[in-house]
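Contents: one structure, followed by commentary.
The values are calculated or read from the model by the stated rules, or taken from the named source; none is laboratory data. Note that the structure is a prediction, hence the values are computed from the model and not measured. Because the Cβ atoms are built from the backbone with ideal geometry, glycine has one as well, and the counts that use them run over all protein chains shown.
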Amino acid sequence: MTDACSIESKGLISIELALKKIKQTISPIQEKERVTLKNALGRILSDTPFSPINIPFDHNSAMDGYAFASIDIKPQQKFSLSLVGTSWAGKPYVGQLKKNECIRIFTGAVIPAGVDSVIMQEQIKKQGEIISFPANTMAKQNIRLAGSDIKKGTELLSAPKKISAIDLGLLASAGIYDISVKRKLNIAFLSTGDELCSIGQSLKSGQIFDSNRYALSGLLSDHNINVYDLGVVADDKTLLEKTLLAASKSYDVIITTGGASVGDADYIKEILDHCGNVGFWKIAIKPGKPLAFGKIKNCYFFGLPGNPVSVIATFHKIVVPALQYLSGLAIKKPFKLKAVCMSTLKKGKGREEYQRGVLSQNESGEFFVESAGGQGSNIMSAMSKANCYIVLPVASKGVRKGETVTVEPFEVQL
């Protein structure tokens, strides 16, 4: 990953190398707990569940119709059978069908012993209790066999897995009441900087509203995470060090924004050199070059940049995969697709760029993307309009309108 600017000579590392370093440091959590199915959405499965029953539990009808034994079929001929009862869903027919008898049956109803075929109700003619079947009636059709979906003892879900709404339905179909999941992560975050003003207060000259904590609160919203907002800490080295040391005793992860650069008031590096084991990197991406990662005591630490777009980009590209791994999941590779770029894009040298774009699709299924607006790391209006990153490799010198580019749609989740 080098070019004429030689990013290695400038001390920049790739996202891949940063994630490799992070993975070498993190130990996935092992603690687990049992939760009821009603509380399992979004949690991470820790043990593989097996079905205690066949699904379907019984042979049952795939449709509303009439059930009969195939031995009563007259090959290629019309035939008639006597109607002797009904099998309802939840109320099976009780009895044994005799020769030349059939029953009315409804979708999901149990198939009686000795019966192996169902014909849909639209294909028969009924006169009193006599059911007339058409020629070429097919045998052994429209029946769901017991265990045809899942056999008793079969694996239902493979751990570890983040449990979806569909997974809940699958587990419930097997009668599973509770399951074993990884415990939740406890994550705290804070902002640093004397220039930050809380929303609801009057903004003074030289101040900015603290938007990063609100963005992080939303980005961390997940069924697998307990989130704690530690507020704003001023540019006071003693106070910041005290805050971080105290937090390290209570949380699995601390995330800070601001103070991760090398300015006179950027105390994060100095503090963590003293009380933690933290590496400071310059990531070869734009936005979001400065980043700190490591540990304070037994707590993992992420020091993100201060500019709001950089916070979001580094969270997506660095923090999300790290939290996936810490939670016990495999790190997911970003979903990428190709799109025709409808904007001219400028790009600097030496870094991979994640420009904010608006992705669309036409009626033919072709993808198009255009710039969401200004690409400065402070321009949240474009970030808000965007629904994807336009990924420009290190070697790219920009994009002309009509060229094909790689995009990564948003909806980034742990």
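General remarks:
- Residue that is modelled with the lowest pLDDT [pool: residues in segment 213-253 that are among the acidic types (Asp, Glu) and outside any strand (DSSP E or B)]: ASP235
- Candidates MET63, MET1 - the one that is surrounded by 13 or more Cβ atoms within 10 Å (Cβ to Cβ), modelled with pLDDT under 95 and assigned to a loop (DSSP other than H, G, I, E, B): MET1
- Residue within segment 81-91 that is touching a Ser or Thr at 6+ places or on another chain (Cβ under 6 Å) and modelled with pLDDT of 95 or more present: no
- If you go through segment 164-198 and keep only what is touching a helix residue (DSSP H, G or I) at 6+ places or on another chain (Cβ under 8 Å), part of a loop (DSSP other than H, G, I, E, B) and among the aliphatic types (A, V, I, L, M), you end up with just ILE176.
- Exactly one residue out of MET342, MET380 is in contact with a strand residue (DSSP E or B) (Cβ under 8 Å, 6 or more places away or on another chain) and not assigned by TED's automatic domain parsing to the domain that holds ILE283, and it is MET342.
For (1) surrounded by fewer than 13 Cβ atoms within 10 Å (Cβ to Cβ); (2) without any contact (Cβ under 8 Å) to a residue 12 or more places away in the chain; (3) part of a loop (DSSP other than H, G, I, E, B); (4) not assigned by TED's automatic domain parsing to the domain that holds PRO321, each residue gets a yes or a no:
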{"position": "VAL118", "(1), (2), (3), (4)": "no, no, no, yes"}
{"position": "ILE131", "(1), (2), (3), (4)": "no, no, no, yes"}
{"position": "ALA135", "(1), (2), (3), (4)": "yes, no, yes, yes"}
{"position": "ALA139", "(1), (2), (3), (4)": "no, no, yes, yes"}
{"position": "GLY153", "(1), (2), (3), (4)": "yes, no, yes, yes"}
{"position": "ALA159", "(1), (2), (3), (4)": "no, no, yes, yes"}
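- Restricting LYS151, LYS182, LYS91 to residues that are under 30 Å from LEU244 (Cα atoms) and not small (Gly, Ala, Ser) narrows the list to LYS182.
- From the list LEU81, LEU97, the lone residue that is crowded, with 17+ Cβ neighbours inside 10 Å, part of a loop (DSSP other than H, G, I, E, B), in the same structural domain as ILE124 (by TED's automatic domain parsing) and among the aliphatic types (A, V, I, L, M) is LEU97.
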